[in-house]
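Asks: So that we are looking at the same thing, I have put the structure below in structure tokens.
The values are calculated or read from the model by the stated rules, or taken from the named source; none is laboratory data. Only a predicted model underlies this, so the values are computations on that prediction, with no experimental measurement involved. Backbone-built Cβ (ideal geometry, glycine too); neighbour counts: all protein chains shown. In case anyone asks, the SASA skips ligands and DNA or RNA and just uses the protein heavy atoms, side chains included. Shrake-Rupley method; radii C 1.70, N 1.55, O 1.52, S 1.80 Å.
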Protein chains: 2
Amino acid sequence: MGLLSDRDDARWMGAALALAERGRGRTAPNPNVGCVIVREGRVVGRGWTQPGGRPHAEAMALAEAGAESRSATLYVTLEPCAHRSERGPACADLIVEAGLARVIAAVEDPDPRTAGGGFEQLRDAGIAVSKGVRESEALRSFAGFIARRRYGRPHGTLKIALSLDGRIALCDGSSRWITGEPARAHAHLERSRHEAILVGRGTWEADAPKLDVRLEGLEDRSPQRVVLTSSPFVSSEVEKRSGAEQSLLDCARSERGWTAIGSPDQIATLPADHLLVEGGAETAAAFLRADLIDRLLLYRAPILIGAGKSAIGDIGLADLAAAHGWWEMVDARQLGSDRLEVYERRR
Amino acid sequence: MGLLSDRDDARWMGAALALAERGRGRTAPNPNVGCVIVREGRVVGRGWTQPGGRPHAEAMALAEAGAESRSATLYVTLEPCAHRSERGPACADLIVEAGLARVIAAVEDPDPRTAGGGFEQLRDAGIAVSKGVRESEALRSFAGFIARRRYGRPHGTLKIALSLDGRIALCDGSSRWITGEPARAHAHLERSRHEAILVGRGTWEADAPKLDVRLEGLEDRSPQRVVLTSSPFVSSEVEKRSGAEQSLLDCARSERGWTAIGSPDQIATLPADHLLVEGGAETAAAFLRADLIDRLLLYRAPILIGAGKSAIGDIGLADLAAAHGWWEMVDARQLGSDRLEVYERRR
């Protein structure tokens, strides 16, 4: 019975984790939480943090469940909040009011205003509480929220589409296409999960990339576009083209929907919890040197390019021993003829 | 019964294929064949082509089985030879003499002196013959023999140990170590399967590599060492070091156990069916440009290097579309924290 129940709990939490993904990239400054309410083996309410952070996932799920919440079990990827705000009631209050029997949470809220207080309030009201179910997956789903809390900056993902020999383009800069359709579609899905997407000045000037989400139904999920303007590695050709009299910052400001930042450190000021860095090599290197990349998204095509543009510029590596131990593979899959590998920074 | 028997045949052929690997890299100009003789579900004889090509696998297995060959089944990765030579009797004759009941072969011998004649001779003697069992694996095991027959040159494998971003060394040339112990041990095992191993002039001068097999019990399997002397990409530093008065060819000849060749095309003259090309980037590119590489052996470490030495130089790629369709992944495995990927050239 205990085992069966644990397995059920893990399964329902999986549904809550899937719902949590719907909000990723749109809930800052709140975390993207998912929630399901289950009564007699049937889902009666589903919720996820809405764009801008409100309503919370629990409030949405409780509203859907209505009277069916009574004596039901609520699965939620983060501890329900215990603090009342001007923007709405505390979720713990709502849960007590609705008369739920059990609350299963993945992670305790790191927000000092809750930090276990939500669980306490629920227990005081006679509700059975468990936490830690699928915790590591939930922590991964909140990576942006956690990076913002812990490091005061967005969670950084570096995306690279490259050949077997580590090239991202031919010498003339052409890179269409290294990877195939399925890999490119996946990369667009990843874009929809980020509030902001960044390229370097060279890529911005050479490609004028749209950086939007070109997937049916997700067009409105295109992230804020950011250009890194001050790279010490910018080519003289680009300098010439942009001209001395008009700074690139002005160019970027005048371009509809672009934000310009002068250094990787300035990303801390972006209203974003998830930043996707898309190239080129010197921009990637600048973010890696500043240790602002938490995740690598490598789409590798089964081709050799030979002479061409390298994926990553100088990251200041002193010796090979220092290169080891930074990255851990957390996911790998085949996408058509290409292979996606996802690595996380060990911290 | 038929199905069971087919499954058994495939299993015993697997044993013959494993024995065939023992000879790989030492049997030129003969193919490395493997053979088992099975009687009443028990192996009574095992053989593989011996160094230099004789005795043949069947002769060795028959010698081991002795009288137990009578009415037994012989599994062999290549059609038994039907031509008598000064170096020994034809295997088909030996099999008929020994009184075997069945012969199961993977591949028909492409040698025009046999080419089905072995099977014919066996059938004429009343022996049941089947062919095509695990044929594609057998063809792969004879890749060197086939490349020599079909293209008049050794089967070429390019081995690269590289980082996620496709670097094979830091800018200063240091490459110890990119990959870990298990990957390096595997690379040494691969060396033992090749008659010849080649590096470029730059690597030869900079590293003076030993290129031997440093695995217990396989020390005597170290391949012939070859240096490619005439690369248009050789660094001026190397030019300076070697000096005008003494050609590198002389250097190589005077070095114990090294052979020097002037261009990738000269490999056709090497007494080898399997050539392992180990670097650097310009040597790899020269062999790829000449389409002399049939197999890629990529050992990829989970590290980023950034600025450093690229894996492969200019292979003369005109556009990205032309890069696709050349390579097919045929094996992938984890070796410690590194990943080995094996690709074969589609022809």
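Asks: Could you work out, residue by residue across A:296-309, how many beta carbons of other chains sit within 10 Å of that residue's beta carbon, and then give the average as an integer?
Replies: So the per-residue partner count for this stretch is 6.
Asks: If you place +1 on the Cβ of every Lys and Arg and -1 on the Cβ of every Asp and Glu, how big does the dipole about the Cα centre of chain B come out, in debye to the nearest 20?
Replies: Here the size comes out at about 240 debye.
Asks: So what is the relative contact order for chain A, in percent, with contacts set as C-alpha pairs under 8 Å and at least six apart?
Replies: For chain A, the relative contact order is 16 percent.
Asks: Something else: Membrane-span-like helices in chain B: DSSP H runs reaching 18 Å or more (Cα, own axis), mean Kyte hydropathy at least 1.6?
Replies: none
Asks: Based on Cα coordinates alone, diagonalise the gyration tensor for the range B:148-187, multiply each eigenvalue by 5, take square roots, and list the semi-axes in whole Å, largest first.
Replies: 28, 14, 8
Asks: Oh, and also: Ignoring ligands, DNA and RNA, how much accessible area is buried between chains B and A, both sides summed, with a 1.4 Å probe, to the nearest 100 Å²?
Replies: Roughly 3000 Å².
Asks: Set Lys and Arg Cβ to +1 and Asp and Glu Cβ to -1, take the dipole of chain A about its Cα centre, and tell me which of A:F142, A:G47, A:I303 lies farthest positive.
Replies: Looking along the dipole axis, the top candidate is A:G47.
Asks: Further question on the same structure: To the nearest 10 square angstrom, how much accessible area does A:M329 have with a 1.4 angstrom probe?
Replies: 70
Asks: Another question, then. Okay, helix-only estimate at 222 nm for chain B: each DSSP H run of n ≥ 4 adds -39500 (n - 2.57), divide by all residues, round to 500 deg cm²/dmol; what do you get?
Replies: The helix-only estimate for chain B comes to -8500 deg cm²/dmol at 222 nm.
Asks: Could you check how many percent of all C-alpha pairs in the range B:6-145 are farther apart than 27 Å?
Replies: 7
Asks: On to the next question. Taking the Cα centre of the range A:6-145 as origin and charging only Cβ (+1 Lys, Arg; -1 Asp, Glu), how large is the dipole, in debye to the nearest 20?
Replies: 380
Asks: I would also like to ask the following. Radius of gyration and Dmax for chain B's Cα atoms, expressed in Å?
Replies: Reported Rg and Dmax, both Å: 22.5, 74.
Asks: Separate question: If exposed means no more than 15 neighbouring beta carbons inside 10 Å and the site is in a DSSP loop, what's the longest run of chain B without any exposed GluC sites (Glu not before Pro)?
Replies: It works out to B:87-215.
Asks: Using only the Cα atoms, work out Rg/Rh for the range B:60-102, with Rh taken as the Kirkwood radius, to two decimals.
Replies: 0.95
Asks: Report, by chain and number, residues whose modeled amide H sits under 5 Å from the one on A:T49, excluding near sequence neighbours (fewer than 5 apart, same chain).
Replies: Here the answer is A:V33, A:A57, since their amide H atoms fall under 5 Å of that of A:T49.
Asks: When only alpha-carbon atoms count, how far does the protein assembly as shown stretch along each of its three principal axes, as whole angstroms with the largest first?
Replies: 99, 72, 42
Asks: Also, I was wondering about something else. Please report the antiparallel percentage of the DSSP beta bridges confined to the range B:6-145, to the nearest 5.
Replies: 55
Asks: Counting only other residues whose beta carbon sits under 9 Å from that of B:E278, what net charge do I get with K and R as +1, D and E as -1?
Replies: +2
Asks: Each residue of the range A:341-346 in turn: what ³J(HN,Hα) in whole Hz from Karplus with 6.51, -1.76, 1.60 and θ = phi - 60°, glycine and Pro shown as x?
Replies: Once rounded to whole Hz, the list reads 10, 10, 10, 10, 5, 7.
Asks: For the range A:6-145, give the percent of accessible area contributed by carbon and sulfur heavy atoms, probe 1.4 Å, rounded to a whole number.
Replies: Of all accessible area on the range A:6-145, carbon and sulfur atoms account for 48 percent.
Asks: Which cross-chain or sequence-distant (5 or more) residues have an amide H under 5 Å from the amide H of A:S222, H modelled 1.01 Å from N in plane?
Replies: A:V213
Asks: Additional query: If we hang a label 7 Å off Cα along the beta carbon direction at A:A18, how far is it from the matching labels on the other copies, in nm, shortest first?
Replies: Listed shortest first, these distances are 4.3 nm.
Asks: Now a separate question. Return the subset of A:K159/A:K210; A:K159/A:K309; A:K159/B:K159 for which the Cα-Cα distance in this structure is over 22 Å, preserving the input order.
Replies: Too far apart for the 22 Å limit: A:K159/B:K159.
Asks: What number, in percent, do you get for the relative contact order of the range A:2-139 if the mean sequence gap of Cα pairs under 8 Å and at least 6 apart is divided by its residue count?
Replies: 20
Asks: Could you check which residue among A:S141, A:S222, A:S130 shows the biggest mean-square fluctuation in a GNM of chain A with a 10 Å Cα cutoff?
Replies: Of A:S141, A:S222, A:S130, the Gaussian network model singles out A:S130 as fluctuating most.
Asks: Which residue fluctuates most in the GNM of chain B (Cα springs below 10 Å): B:V43, B:V103, B:V330?
Replies: B:V330
Asks: Using only Cα atoms, locate the centre of the range B:64-135 and the centre of the range B:257-284, then give the distance between them in Å, rounded to an integer.
Replies: Cα centroid to Cα centroid, the span is 35 Å.
Asks: Among the DSSP beta bridges whose two residues both lie in chain A, what percent are antiparallel, rounded to the nearest 5?
Replies: 45
Asks: Excluding A:W12 itself, calculate the net charge of residues whose Cβ lies under 13 Å from the Cβ of A:W12, where each Lys or Arg counts +1 and each Asp or Glu counts -1.
Replies: That works out to +3.
Asks: Taking every residue in A:314-324, how many Cβ atoms of other protein chains lie within 10 Å of its Cβ, on average?
Replies: Mean shielding by partner chains, rounded to a whole number: 6.
Asks: A:C81: net charge of surrounding residues, Cβ under 15 Å, Lys/Arg +1, Asp/Glu -1, itself excluded?
Replies: Charge balance near A:C81 sits at -3.
Asks: A further question follows. Have a look at A:H83, A:H188, A:H155 and tell me which one the Gaussian network model of chain A (Cα, springs below 10 Å) gives the largest fluctuation.
Replies: Highest fluctuation of the listed residues: A:H83.
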